[in-house]
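Heads up: the structure comes next, in structure tokens.
The values are calculated or read from the model by the stated rules, or taken from the named source; none is laboratory data. Source: prediction; values computed, not measured. Positions of Cβ are generated from backbone atoms using ideal geometry, with glycine treated the same way; all protein chains shown enter the neighbour counts.
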Amino acid sequence: MERDKNPHWLSRLNPRGPGSRTGRSAAPSGPCTADPETCLMVFENHWRQVSWVLEQQEPSSSSDDLTAVRNHTDQMLCLLAEERPAESAEGGAAPMGPILELVVTENILERLVQWHLRRGLDSDSQGALLKLFEMLIGQSQQQPLLQHTAVLHPLLRLLGACADPDLGCPLALENSLVLLLNQICVSMARQPVVLEMLFRAAPAQQGSTNLLIFSLLVPFIHRDGAIGQQARDALLLVMAASASNEAVARYIAENSYFCPVLATGLSALYSSLPRKIEVRGDDWHALRREDWMSVSSLVLFMNSLEFCNAVVQIAHPLVRSQLLDYLHNGFLVPVMGPALHKSSVDEMIASTAYLDLFLRSVSETSLLKTFLRFILLHRHDNDTILDTLLTRISSNSRLCMVSLSLFRTLLSLNCEDVMLQLVLRYLLPCTHVMLSQRQAIRVTDLYGKSADKFLSLIPECCRLNAASSAERDEDGAFWGKGGHPSIESPAPPRPSTPSRLAFFIRQQSSGGGPGGGGPSTPTSTEPPQSGASHPPCPDSPMHQQLANTECLDWDSGYLEYLKDSRQGIEICSWACRDWSAPYDGENPSPNVAAPPPPPPTSNPTMAMFPEHFSLQQGGSGSTPPPGQQRLLEQAPGEPQLPGDSNGQGISIEAFTQELRELEDRVRERGRAACQQEETARECLSSERRQPQQEEEQQPPSVPEPKPPTGDTKGDGPALVFGSPARPLNKPASQPYTGPFMVVLFAKLENMLQNSLYVNILLTGIVAQLACYPQPLLRSFLLNTNMVFQPSVKSLIQVLGSVKNRIEAFAASHEDFPAMLKKAQQYLVARGKVDWADSPAAVPNLRRSDSLVKSRKPSLGELILRHTNSPTRARHAAQLALAHVRDGGQSLHSALFKGGAGAGSLEKQAEALRVKNAVYCAVVFCEFLKELAALAQEHAVTLPFPHSQEAEE
Amino acid sequence: MNLNPFWSMSANTSRKQRTDSEEQSGHSEQRASPARLPFGKKQLPPIPKNAAPITKPASTGTLAPSANGTHASYGPFYLEYSLLAEFTLVIKQKLPGIYVQPSYKSALMWFGVIFIRHGLYQDGVFKFTVYIPDNYPDGECPKLVFDIPVFHPLVDPVSGELDVRRAFTKWRRNHNHIWQVLMYARTIFYKINTTEPLNPEAAVLYEKDVQLFKSKVVDSVKLCNSHLFDQPKMDDPYAISFSPWNPAVHEEAKERMFTYKRRPDDHHKGTQVSGLSWVKPGSMQPFSKDDSPPQS
């Protein structure tokens, strides 16, 4: 149910053909193919015998009578169902067939049902009748039976009995009931007049609820399995049929429980989702289809969400808007909101990943809007959901990655409202640039000066050239050891973690198309329209390079970056063409722009302890600053943290909870021998390590703007309004680029300590932002000549400091060039393996010149290819992952000899730190090329006209 | 007209020229262009796959490896992109009656044609070539040479070169752009300037005997137009050439030009939900366009 699938539900609701039910319905064995006169005679014959029973004064309790009636009825209805009316001569209304005519004049069905009801409907007869009617409606393709009250009313009477609180519908008959209802709806979809008749006929027949069919179906909305699917399909048919019928729509909205049941049902289903997502690789950061297909509660939820999406798509506006209201107020606010604010990290991770999945799955604009409104505007304990999500970016590795993934999804929507709240409103007043620089906002990088600047930041130590042949030989040996990828072997040993780069970078295109199963051919691994799960530049060639040589030339692959930047920018400009304003520093005018919210004055999770979180993450290797040590030793839950208690409660709670968990794990694991990376990583926090050189050089970065320097005052409108929840103790005019930029830059500045995967996600998001054509944003990120206010950090400054750190690191590690080369080779090799796996996937041309594309046939697809059997898929997944792990291990030892095997935590920690730094260097260089290419492409992109203008 | 003529030109399968709507009846293109650019792509022979457009020696002799970039290997990209950016600016300017197209062989050479719609030179269709110095944007101003020396005080009667330098005494990067040169080339036909002429005869006549000047101009326009269907002077697949209107070829091309809508080049992202906006213009508030917010 991904966006790209764009399911038109109706097309899928293929009424079951007559063939599909032989053997299940009441045995139709009569002489159905005989000529009409004979059929009529046979029918009359049966009817005579039945009516003899029916006309007895006392309702018979004899089972003989019942059997007789049933047998005859079976035969009669079969005849009726099979009857073909004569062709109408002059094109007038087709005349009824003789049997139907008899049924109508004698009111046969009504009398039958009445008889059953009079004698007391046992579940056996009830079931038989349900099946009979289902057969009748399903099979009578020839005559519109339901349009005759002589058929419709007895049917409603039967259904009324099923809705009767005393009688009800026995559990065993639910399947029959839903099937019958489904048939009625299918038939109604073909003959819209039936809906009207049902609606009109109903009050007389059933009193209170006048759309009985509907109220019978609603309880099955969230059911598991086929019955739930049939009910939802049937309801959708009603929705479709009622889309143009105001009265019915009004009834559904005002008199039925449809919308509340749907919305609150989602809440119930959500509450049964796993609170903790069992995570596999250390690069996991988002739920892909293959992740959730095996989790039944999630499948159930997704089915219902998909159903909501479909209802929103086809229902009458009245129903739609009511449903959206209920979803907002009955699911998002009361359930999603608190779930996102749960205190345990696992729950935060899970709920964030769920929200991300939901956003990627919703395809209807108005439903998406409901979600976005919730995220942007709803306040939970004073903070918007967005605020909360933003603080998570600075947290530990996994939560950070999941949050980044969610933001990537948000950015991929190219939604003005989202961008306004995240970034643009902070840039609108233009207080971040010097007054004299405001004109420069719209200037594009005509002569490649910015591009040049970005490229100049590629550290000297990374400008290696291709390996000499001798070195390559040596590398061959290395590969031999690590397991050289071979195509023939059933499960080729995959090299290492970085080979998951592909898997990682790739978007969750969730390979399942409409047909469900995974792509059978490699070419389909990128679904034809892979919906919003694709941000504008997810396909950009991230951070990987030429596969021609075993090594990356520092300046290789630039052409690919240009090409992908062009595409990314074009797609983004196209998507933004209907925004309300160009955001070019003049429109909207900086002077009328409402001052954005000021920076939070104290936010413990973000500002005070940024380094704490990086402790846990992929080997940051930092020693906790003293303040944190104190916290580690404190009893959790003590309200020690400074900051306004107003609105920060949840965060503090979360923080202390996290600390507690951290402590526990540390104690537990600290004793065990740390053989694995992961363990090593966590041990870091317990070990007292010598503060490292770099950490001394670089105090924990505080992702907040520096204090105002005084001379910035007066350049910009004084801050008048502000969120009352926040104390206004900062100078009003202090420029602030918003929490998103601040946290992204802080994280970026810390690149050297981030894990490979965090860095890939992070740089991907910045690149995604840099695709946006709005001059305010473009100039902020890409115009390297722009002069900002002293308190505003620019991207180029941040990158400059990363460059210095990399160079310092390289200077202190004499084997840096060798390590760098190996890391590069590793990433390249990863790409090659992927290509080798699917030779048909891409034109050769590409394969040879760009490892950039390596991410496409990824591990995920390899797994998906086996999805015919779920167990096989799981098995395949496990196998593949095992290889990745093994590979990771061997890379680790190969890259950093001696460090790993020793069993020394110190050394392992150090090795991890080195590994992160080396990978960081690779990613950093590629990122710079990507930014340079984006800067160049912006200068040659033409804007798209507003879509309305274009239509003229 | 929403249709940007430059884009529609490129949208055209064949590479070329059409006149303005009022003038289109007579002539149009004939040569098939090399199947080089994908439909709807920009015209600058885009990427130096091997940096060919820049470094390949061409007949003009103006080409030399770029001395521009600090990072040598990116140098070609900078020059190419600077020119592409200039071309983008030309498109954005929507200069009336002026069409240009970079050459296939070199991004430093642009072919152009200008249509004069009123004034002394009315009905003139003048083809020209722009030569951009290879140290652009730090060098001299570009040269503009008419294929046929049109009778004009500022046009060299032998070489056909327009005196551009008088308008751009010093070429200043960031301030001067190629579209301004094109604009200038158009202006001279509407506002005659006779000081320091390249064609003294024309200048003198204009001052002394306007009638004779006018008739010479008419002759010159006739001459130019009579050579309209000649083979292009430059042997380049992207050179502008005209041919008599041939419905079999041109109707369809015209139709496509008028119906063409530029879309991003995304093969696999067709129907994604994106580009949403609920911001009421001027409000700068999210969801301000909304009429019926859910009550929470």
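Within the stretch A:388-418, the set of residues being small (Gly, Ala, Ser) and either surrounded by fewer than 24 Cβ atoms within 10 Å (Cβ to Cβ) or in a helix (DSSP H, G or I) (or both) comprises A:Ser397, A:Ser403, A:Ser405, A:Ser412.
Of everything in the stretch A:327-363, what is among the aromatic types (Phe, Trp, Tyr), within 14 Å of another protein chain (Cβ to nearest Cβ) and within 19 Å of A:Ile393 (Cα to Cα)? Give them in sequence order. Walk me through how you get there before you give the answer.
In the first step, residues of the stretch A:327-363 are kept if they are among the aromatic types (Phe, Trp, Tyr); the result is A:331, A:354, A:358.
Then drop every residue that is not within 14 Å of another protein chain (Cβ to nearest Cβ), which leaves A:331, A:358.
Matches in the stretch A:327-363: none.
Of the residues examined, B:Asp209 is not one that is touching a residue at least 60 places away in the same chain (Cβ under 8 Å) and not hydrophobic (A, V, I, L, M, F, W, C).
Would you confirm whether any residue within the stretch A:112-123 is modelled with pLDDT of 85 or more, assigned to a helix (DSSP H, G or I) and in contact with a Leu (Cβ under 6 Å, 6 or more places away or on another chain)? Scanning the stretch A:112-123 turns up at least one residue that is modelled with pLDDT of 85 or more, assigned to a helix (DSSP H, G or I) and in contact with a Leu (Cβ under 6 Å, 6 or more places away or on another chain). Does A:Ser176 satisfy being hydroxyl-bearing (Ser, Thr, Tyr) and modelled with pLDDT of 85 or more? Here the answer is yes, as A:Ser176 does meet what is asked.
Applying the selection to the stretch B:151-183, what residues are hydrophobic (A, V, I, L, M, F, W, C) and exposed (fewer than 14 other Cβ atoms within 10 Å of the Cβ)? Across the stretch B:151-183, the qualifying residue is only B:Val158.
Residues of the stretch B:117-126 that are touching a Lys or Arg at 6+ places or on another chain (Cβ under 8 Å) and surrounded by 19 or more Cβ atoms within 10 Å (Cβ to Cβ): none at all. So for the stretch B:92-99 (the condition being in a strand (DSSP E or B) and closer than 26 Å to A:Ala935 by Cβ), does at least one residue qualify? No.
Filtering the stretch A:364-386 to residues that are more than 14 Å from chain B (Cβ to nearest Cβ) and surrounded by fewer than 22 Cβ atoms within 10 Å (Cβ to Cβ) leaves A:Asp381, A:Asn382.
Taking the criterion of being surrounded by fewer than 23 Cβ atoms within 10 Å (Cβ to Cβ), at the interface with chain B (Cβ under 9 Å from one of its Cβ atoms) and under 36 Å from the mean Cα position of the chain (by Cα), the only residue of the stretch A:429-453 that qualifies is A:Thr444.
Select from the stretch A:221-232 the residues that are surrounded by 22 or more Cβ atoms within 10 Å (Cβ to Cβ) and more than 14 Å from A:Ala315 (Cβ to Cβ) and list them in ascending order. Spell out the reasoning first.
First, pick out the residues of the stretch A:221-232 that are surrounded by 22 or more Cβ atoms within 10 Å (Cβ to Cβ): A:230-232.
Scanning the stretch A:221-232 gives A:Gln230, A:Ala231.
Criterion first (under 19 Å from the mean Cα position of the chain (by Cα) and outside any helix (DSSP H, G or I)) does A:Leu305 satisfy it?
Working: under 19 Å from the mean Cα position of the chain (by Cα): yes; outside any helix (DSSP H, G or I): no.
No: the conditions fail for A:Leu305.
Scanning the stretch A:244-300 for residues that are loosely packed, with under 14 Cβ neighbours inside 10 Å, assigned to a helix (DSSP H, G or I) and either charged (D, E, K, R) or touching a strand residue (DSSP E or B) at 6+ places or on another chain (Cβ under 8 Å) (or both) yields A:Glu246, A:Glu254.
Does the stretch B:131-146 contain any residue that is part of a loop (DSSP other than H, G, I, E, B), closer than 19 Å to B:Thr195 by Cβ and more than 14 Å from every other protein chain (Cβ to nearest Cβ)? Yes, that holds for at least one residue.
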